[in-house]
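Please read the structure below before turning to the comments.
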Amino acid sequence: MALKITLITGRTINQGVSIENKTGQDYLKATACCELNSKNIGILGREPGSNVRVKTDYGEVVVTLKENEGNPDSIGFIPMGPWANAVVDPDTRGCGMPGFKGIPADVEVTDDKVLLMKELIAGYK
């Protein structure tokens, strides 16, 4: 069963702190995740730390599920980085920035692994 959400992305302190080493585990942990509130996590029937697949009209990506009680119902957050870039609207509408907010998405549980950044980028070839 897929949970329908509105996806937003943005910068976080942890993403910013680890940005200098994008192939490191700290960056992976800081950016390869999707934050949902506990109600939405309960609907998925998984625990934080489980893997989920986030699908949009622009792509899909496997990330780690994180709990964030600050998120309203049906709002998912993926920190800016390669994993968010895999599912955001690439159309910059002439401004040079893709659409990072308000993206309809489906979240579903998966046993697939979270790809390392190099593996994720290699899939674009």
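The values are calculated or read from the model by the stated rules, or taken from the named source; none is laboratory data. None of these values were measured; they are calculated from a predicted model. Cβ placement follows ideal geometry from the backbone for every residue including glycine, while neighbour counts extend to all protein chains displayed.
Determine whether Lys4 is assigned to a strand (DSSP E or B) and surrounded by fewer than 19 Cβ atoms within 10 Å (Cβ to Cβ).
Taking the combined requirement at face value, the residue satisfies it.
Would a scan of segment 63-79 turn up a residue that is surrounded by fewer than 15 Cβ atoms within 10 Å (Cβ to Cβ), touching a residue at least 40 places away in the same chain (Cβ under 8 Å) and among the β-branched types (Val, Ile, Thr)?
Scanning segment 63-79 turns up no residue that is surrounded by fewer than 15 Cβ atoms within 10 Å (Cβ to Cβ), touching a residue at least 40 places away in the same chain (Cβ under 8 Å) and among the β-branched types (Val, Ile, Thr).
Within segment 99-125, work out how many residues are more than 13 Å from Gly59 (Cα to Cα) and in a loop (DSSP other than H, G, I, E, B).
Counting residues in segment 99-125 that are more than 13 Å from Gly59 (Cα to Cα) and in a loop (DSSP other than H, G, I, E, B) gives 11.
Rundown of residues vs (1) hydrophobic (A, V, I, L, M, F, W, C); (2) modelled with pLDDT under 95, yes/no style:
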site: Ala2; (1), (2): yes, yes
site: Gln15; (1), (2): no, yes
site: Ile19; (1), (2): yes, yes
site: Tyr27; (1), (2): no, yes
site: Ala30; (1), (2): yes, yes
site: Ile41; (1), (2): yes, no
site: Thr64; (1), (2): no, no
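Restricting the first residue to segment 48-62 and requiring it to be on the phi > 0 side of the Ramachandran plot, which pairs with a second residue that is β-branched (Val, Ile, Thr) meet a Cβ separation below 8 Å and a spacing of at least six or different chains?
Close Cβ pairs satisfying both conditions: Gly49/Thr64; Gly59/Val87.
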